[in-house]
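J.: Can you keep this structure in mind? I'll have questions shortly.
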Amino acid sequence: MSQGDKNNSTLKSNLKGFMKKRWSLPVLYLACAAVVVSTVFVLQSPGDKEVATVTEEFSTNQNRTDWVQESDGEVTEVNQPTEKMAMPVVDPSAITIHRSFYDQDASAEEQQESLVVVNQSYSTNLGIDIVQDGKEFDVTAASSGEVTLVQEDPFVGNLVEIEHADGLVTKYSAIKDISVQVGDQVKQAQPIAKAGVSELNTEAGTHLHFEVYKDGVAVNPVSFAE
């Protein structure tokens, strides 16, 4: 018998003896399990790092402000936070709502107070009438946008209309000393006129009639403005 055959015979004999022992199978099982777990850990570790890296980059991008240079060289900000509409006055705490928006869900008494009487006929108030102790006050843009209409009308009062993002349009009437014109780009809180009077609401005296439209439908300005 050659040396190699002798070694193989000895190895087989030792293996048979090992397998006959009662604890041999559990030991083999644990050894195999350890190999499998180690292999899985090694294979998954790079993937976990990659997921963590992607997650970190996403979180960073979420809080990052990007800037883009236009063809004319002007740098503009992208991913800007949405601008929340504000009341169209300098000091919201100083104003009073003389006549509220006509709300279908309001009480009968509130609805009656929101009716506009014109030549003994009634119509619903599509905005709010703002007063400030009977005094004149500055009217400001409720949100940034483009002036699309400037109109003189003694009945409803002179009118300014501004278009904003997200299908919003604001209308300011019963005003005077208008300082903007069609095509102007205005910023939020920028003065555009002063409160005045109108024949439509003589009871209010010096006031501002303010309307907000969302996709062409009149909505309660108080629900949109801070």
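J.: Restricting the search to the stretch 183-226, which residues are in contact with a helix residue (DSSP H, G or I) (Cβ under 9 Å, 6 or more places away or on another chain), more than 16 Å from PHE137 (Cβ to Cβ) and part of a loop (DSSP other than H, G, I, E, B)?
T.: Going through the stretch 183-226, the residues in contact with a helix residue (DSSP H, G or I) (Cβ under 9 Å, 6 or more places away or on another chain) turn out to be 197-198, 210-212, 214, 225-226.
After this cut, where a residue has to be more than 16 Å from PHE137 (Cβ to Cβ) as well, the list is 211-212, 214, 226.
Matches in the stretch 183-226: GLU226 only.
J.: Mind listing just one residue for me: the one in the stretch 116-137 that is open to solvent by 40 Å² or more (accessible area, probe 1.4 Å) and of a type in the set (D, E, K, R) and, of those, nearest to GLY196 (Cα to Cα)?
T.: GLU136
J.: For the stretch 45-64, indicate whether the set of residues that are assigned to a loop (DSSP other than H, G, I, E, B), of a type outside the set (A, V, I, L, M, F, W, C) and modelled with pLDDT under 50 is non-empty.
T.: yes
J.: Kindly check whether there is at least one residue in the stretch 98-115 that is more than 23 Å from SER198 (Cβ to Cβ) and open to solvent by less than 50 Å² (accessible area, probe 1.4 Å).
T.: yes
J.: Could you tell me how many of the residues in the stretch 200-216 are open to solvent by 10 Å² or more (accessible area, probe 1.4 Å) and more than 19 Å from ALA165 (Cβ to Cβ)?
T.: Qualifying residue count, the stretch 200-216: 7.
J.: If I go through the stretch 161-182 residue by residue, how many of them are open to solvent by 40 Å² or more (accessible area, probe 1.4 Å) and part of a loop (DSSP other than H, G, I, E, B)?
T.: First pass over the stretch 161-182, keeping only residues open to solvent by 40 Å² or more (accessible area, probe 1.4 Å): 163, 165-166, 171, 176-179, 181-182.
With part of a loop (DSSP other than H, G, I, E, B) added as a condition, the list becomes 165-166, 177-179, 181-182.
Adding up the residues that qualify gives 7.
J.: Moving on. So in the stretch 146-160, with the set limited to residues that are touching a Lys or Arg at 6+ places or on another chain (Cβ under 9 Å) and at pLDDT 95 or above, which one is surrounded by the most Cβ atoms within 10 Å (Cβ to Cβ)? Outline the logic, then answer.
T.: Quick first cut of the stretch 146-160, residues touching a Lys or Arg at 6+ places or on another chain (Cβ under 9 Å) only: 149, 157-160.
Adding the requirement that they be at pLDDT 95 or above leaves 149, 159-160.
On the way: LEU149: 12, LEU159: 20, VAL160: 26.
Among residues in the stretch 146-160 that are touching a Lys or Arg at 6+ places or on another chain (Cβ under 9 Å) and at pLDDT 95 or above, the one surrounded by the most Cβ atoms within 10 Å (Cβ to Cβ) is VAL160.
J.: Select from the stretch 183-199 the residues that are of a type in the set (S, T, N, Q) and open to solvent by 40 Å² or more (accessible area, probe 1.4 Å) and write down the one among them that is nearest to LYS135 (Cα to Cα).
T.: Per the stated criteria, the residue is GLN190.
J.: Hey, any hits in the stretch 181-199 for a residue that's under 17 Å from VAL90 (Cβ atoms), of a type in the set (D, E, K, R) and at pLDDT 95 or above?
T.: yes
The values are calculated or read from the model by the stated rules, or taken from the named source; none is laboratory data. Owing to the predicted nature of the structure, the values given are computational and were not obtained by experimental measurement. Note: ideal-geometry Cβ built from the backbone for every residue, glycine included; neighbour counts use all protein chains shown. For accessibility, only protein heavy atoms count, side chains too; no ligands or nucleic acids. Shrake-Rupley method; radii C 1.70, N 1.55, O 1.52, S 1.80 Å.
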